[in-house]
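Please read the structure below before turning to the comments.
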Amino acid sequence: MDVATEIIKQVVQVLMDPVKQHLGYMISYRKYVVEMHTKMNYLNVARAGEKEHLDRNIRIRLMVPDQVSPWLDKIQNINAKVKNFPSEDLDCLDFKSRHKLGSKASKIINEIDSITTQLSLIKWTDEKIPLGRIDSTMTSTSTPSGDHNDFQSRVHTFTEALKALRPDHKPHMVALWGMGGVGKTTMMKKLRQTVLKY
């Protein structure tokens, strides 16, 4: 008899948990909405700090963790959900609407908590970006452009010199030689501008 009683207690407990949760959505829906807005305000303050850190690092050419941009995008998506959240006339709602609002606010709170946890995983090192680090997509656009009178014969030399400045190239040094007046100094200036730009 004791075994049957214990089993029944466990079954009732398992069945009551979801019922309590759904009743909580209906009864405490306003608490969920207030908590959602409070946590979103805190997250927006954290987002502003991370965005400022990101902009500063980009401006002074310091490393930016890969997780920052996706994290900021996720916050933007959650912000859109909170802005679209109905918040007028919360007093005269029927039980179905209260449950729906409470449930929706609870889901958004869980998303905010998850994103807040991800913030602690972002590690800023503030290291300088290596001079030779160049995106392969940038090299094609960083060849001499049409606003200078460059010869097509120099494009290949410029690209090869740029490849020699990549981090995977051990010497990290470029030497251009040739007759005087053919544009060696000009090309070195353009290489320097390209490396500093990217």
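What the table below lists for this structure:
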{"read-out": "Residue among I115, I78, I108 that is closer than 28 Å to P18 by Cβ, without any contact (Cβ under 8 Å) to a residue 60 or more places away in the chain and crowded, with 16+ Cβ neighbours inside 10 Å", "value": "I78"}
{"read-out": "P130, sole failed condition from (1) in contact with a Leu (Cβ under 6 Å, 6 or more places away or on another chain); (2) at pLDDT below 80; (3) outside any helix (DSSP H, G or I)", "value": "(1)"}
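The values are calculated or read from the model by the stated rules, or taken from the named source; none is laboratory data. Just so it is clear, the structure is predicted and the values come from calculations on it, not from any experiment. Because the Cβ atoms are built from the backbone with ideal geometry, glycine has one as well, and the counts that use them run over all protein chains shown.
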